[in-house]
Amino acid sequence: MEKSQQEINEIQQKYSKQIEQMRKMLLNIYAVANIRFWYSCLSNFRKSDDMFKDIMQMDAFATSIIISYGRIFGKGTGTSKLEAKIIPLDLLHIHNEIIDFRHAKYAHHGELSSFEKDIEINYVDSSFIINPKLEVGVWLGAPKKWAPLFEWLDGYMYDTFQGKLASLTKETGIEWKFPHGPAPSWIK
């Protein structure tokens with residue numbers, strides 16, 4: 001049965017809280033898509049003749065993954081924050097590793113076992129020369145243990161969003177849909 005614009009507006013107003021929850025979820029859905037894409041890039045990375053460029057590129061992929069993942073579980077405005085308690089116990093140690101790494105390397109520049117910093121000071125020709133010494137541990141390729149967590153998170157986001165649509169459908173008697181198609185080529 002067709003609805004008038006006024007009836008549509010009334011329904012949207014009545015269920016504005018649920019609609020706002022879905023609106024906020026979209027940023028997390030986008031973050032998960034980013035994570036899956038960058039993880040695919042890291043998983044399929046092929047070395048070139050320029051080792052420094054390769055290391056910087058792999059670090060950029062890992063940074064993108066870790067930052068996007070942290071956003072989903074961190075405080076922010078305009079999105080819904082997920083709690084670690086939703087993560088299955090067998091994946092929780094991977095979640096904690098990523099969050100700890102995010103805090104140590106990216107968010108707070110804390111102490112990190114894979115990050116060593118120092119300076120070397122030399123006095124040469126009446127000048128002090130400062131030489132930075134920075135050793136950073138990076139992954140060569142994607143940590144395989146991360147894949148199940150990211151796959152689970154993708155499914156969780158999809159199922160949660162679909163659950164909200166099903167709830168609205170049941171409550172309003174009108175079907176609520178979210179368009180979707182086949183998975184992108186980089187999702188295996």
Quick one: angle between helix 5-14 and the longest Cα principal axis of the chain, in degrees between 0 and 90, rounded to 10, please. 60
Throw me the Rg/Rh for region 7-84, computed over C-alpha atoms with Kirkwood Rh, two decimals. 1.23
Ranking Ile174, Ile99 from most to least accessible area with a 1.4 Å probe gives Ile174, Ile99
Cα axis of helix 89-101 to longest principal axis of the chain: angle in degrees, 0 to 90, nearest 10? 50
Mean residue ellipticity (222 nm) of the chain, computed from DSSP H runs ≥ 4 via -39,500 (n - 2.57), nearest 500: -18500 deg cm²/dmol
Hey, rough spin-label estimate for Lys47 and Ser127, points 7 angstrom out along Cα→Cβ, what's it come to in nanometres? 3.6
Quick check: net charge around Met22, other residues with Cβ under 13 Å of its Cβ, Lys/Arg +1 and Asp/Glu -1? +4
Shape verdict for the chain, please, from the Cα gyration tensor: rounded (a/c under 1.5), prolate (a/b greater than b/c) or oblate. prolate
Suppose each label sits 7 Å from its Cα in the direction of the beta carbon; what would the Thr172-Tyr30 distance come out to in nanometres? 2.3
Over the chain, with a Gaussian network built from C-alpha contacts below 10 Å, which listed residue (Tyr123, Tyr39, Tyr69) shows the highest mean-square fluctuation? Tyr123
If the chain between Arg23 and Gln6 were fully stretched, how many nm would it gain, using 0.36 nm times the residue separation less the Cα-Cα distance? 3.9 nm
Quick check on my link table: of Lys24/Lys170; Lys53/Lys144; Lys47/Lys144; Lys3/Lys81; Lys47/Lys145, which ones sit more than 24 Å apart, alpha carbon to alpha carbon? Lys3/Lys81
Please determine, in degrees from 0 to 90 and to the nearest 10, the orientation of helix 16-43 with respect to the longest principal axis defined by the Cα atoms of the chain, where the helix direction is its Cα long axis. 40
Under a Cβ-Cβ cut-off of 14 Å, what is the net charge of the residues other than Asp54 that fall near it, where Lys and Arg count +1 and Asp and Glu count -1? 0
Whole-number accessible area per residue in Å² for the chain, which is evaluated in the context of all protein chains at 1.4 Å: 68
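The values are calculated or read from the model by the stated rules, or taken from the named source; none is laboratory data. Just so you know, these numbers come straight off a predicted model, no measurement behind them. Using ideal geometry, Cβ is built from the backbone for each residue, glycine included, and neighbour counts are taken over all protein chains shown. Quick note on the areas: whole protein, heavy atoms, side chains included, nothing else; ligands and nucleic acids left out. Shrake-Rupley method; radii C 1.70, N 1.55, O 1.52, S 1.80 Å.
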